[in-house]
Amino acid sequence: MLQLRNVTFPDGRHAACARAYATAESAARHLAYHVLEAPEMDKWCLIEPRFDLYLQNDRDIVRWRRLALERPSSDELQPLYDIYCNSVAQEMRDARYLQWYATEFPQSSVTTQARPGPRTAVCVGFGTSGVLGVFEYVGDKWALRTAFIAGAGRPERVRIRNIPVQVGATVPAGASVGRSYNSRAVQRCRGYMQQRDERKQRQRHERFSPLQRIYFEVFRPALQFIFRQQLISVRPDGRVERRDYSLLKEVLPPRKRMKYDTWLELRRQCRELAGAPKS
């Protein structure tokens with residue numbers, strides 16, 4: 001049976017720690033869809049090299065993923081879960097020390113039709129490796145709802161193609177009328193951009209230190225991801241969705257101030273405070 005652990009709770013005014021997911025099934029599902037799924041998996045291995053001991057080849061990845069999805073309560077998942085919890089705990093310690101967290105309660109939030117409040121108390125924290133943790137108050141205690149590397153997952157893409165223009169009709173913003181998004185020109189452009197990104201990544205690997213790679217490949221894109229988010233968004237089916245992690249925009253430093261040297265000094269302070277390795 002998978003033994004659930006506690007991780008550091010970022011807002012020390014309300015709790016010292018919180019359970020890392022309410023159930024073993026939820027914990028295993030998050031391992032499968034975050035740690036064991038590219039491209040986020042590569043970034044987890046970068047910020048926590050111990051993952052490489054278990055994810056050495058494609059066969060290992062498939063075996064762990066199948067285990068997490070088919071036997072979520074298995075104690076065989078304990079090593080991966082423990083490494084994951086250690087990483088999240090360190091990141092939330094960073095958030096507590098740097099005060100990179102935000103807490104909102106239903107009774108204290110400004111609730112309107114355009115800005116619905118949270119269903120339950122929620123706390124979000126952000127660490128120096130780009131890990132974002134979302135906690136919620138379940139029953140009478142705090143529990144981790146999700147923890148992932150911000151901006152590293154697969155984004156949802158809505159493709160609009162060949163929308164007919166009618167008199168009085170409104171063309172959705174961003175739609176290309178009369179032309180498919182899968183045209184040859186667009187495909188060539190995407191192929192070129194992918195090759196460019198891969199070339200830049202290879203160059204980084206050659207000349208960047210591990211800490212520089214964490215900053216440029218993980219932390220900075222995660223920070224940009226958070227600042228692009230809106231608290232309230234409308235899904236394609238018309239449902240209103242809250243993105244609680246956008247609350248962090250009120251407490252995070254401006255992106256232009258978070259240069260590599262500044263980030264490195266803040267990370268050094270956090271790691272020395274926790275007595276953890278500086279990598």
Return W44, W100, W64 ranked ascending by Cβ neighbour count within 10 Å, so the fewest neighbours appear first. W64, W100, W44
Using each residue's phi in the range 24-30, evaluate 6.51 cos²θ - 1.76 cosθ + 1.60 at θ = phi - 60° and report the 3J(HN,Hα) Karplus result to the nearest Hz, with x for Gly and Pro. 5, 4, 5, 4, 5, 5, 5
How do the peptides 256-268, 139-151 rank, highest first, by the average count of neighbouring beta carbon atoms within 10 Å per residue? 139-151, 256-268
Approximate spin-label separation A15-A38, in nm, with each point projected 7 Å along Cα-to-Cβ: 3.6 nm
Under a 5 Å amide H to amide H cut-off, with H placed in plane at 1.01 Å, what residues pair with R145 once short-range neighbours are removed? V134, F135, E136
Mean Cβ neighbour count within 10 Å, used as a protection proxy, ranking 77-90, 220-233 highest first: 77-90, 220-233
Counting only residues 5 or more places away or on other chains, whose amide H sits under 5 Å from the amide H of I232 once H atoms are built in the peptide plane? R243
What's the center-to-center distance, using Cα atoms, between the range 31-96 and the range 204-245 in Å? 19 Å
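How do M92, M41 rank when sorted from fewest to most other Cβ atoms within 10 Å of their own Cβ? Each step should come with its number before you reach the end.
Values: M92 28, M41 18.
Lowest to highest Cβ neighbour count: M41, M92.
Count the net charge of all other residues whose Cβ sits under 13 Å from the Cβ of L53, scoring Lys and Arg as +1 and Asp and Glu as -1.
Numbers: positive: R50; negative: E48, D52, D60, D82.
Taking every other residue near L53 into account, the sum is -3.
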Exposure proxy ranking, count of Cβ atoms within 10 Å, fewest first, for E272, E206, E48: E206, E272, E48
Whose amide H sits under 5 Å from the amide H of L2, counting only residues 5 or more places off or on another chain, with H placed in the peptide plane? S74, D75
Show me, for the range 194-203, the HN-Hα J-couplings you get by feeding each phi into the Karplus relation (A = 6.51, B = -1.76, C = 1.60, θ = phi - 60°), rounded to Hz, glycine and proline as x. 5, 5, 5, 5, 5, 5, 5, 5, 4, 5
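Coordinate-derived values only; no laboratory data. For clarity, every value in this text was computed on a predicted model and none was experimentally measured. Counting neighbours? That spans all protein chains shown, and the Cβs are built from the backbone with ideal geometry, glycine included.
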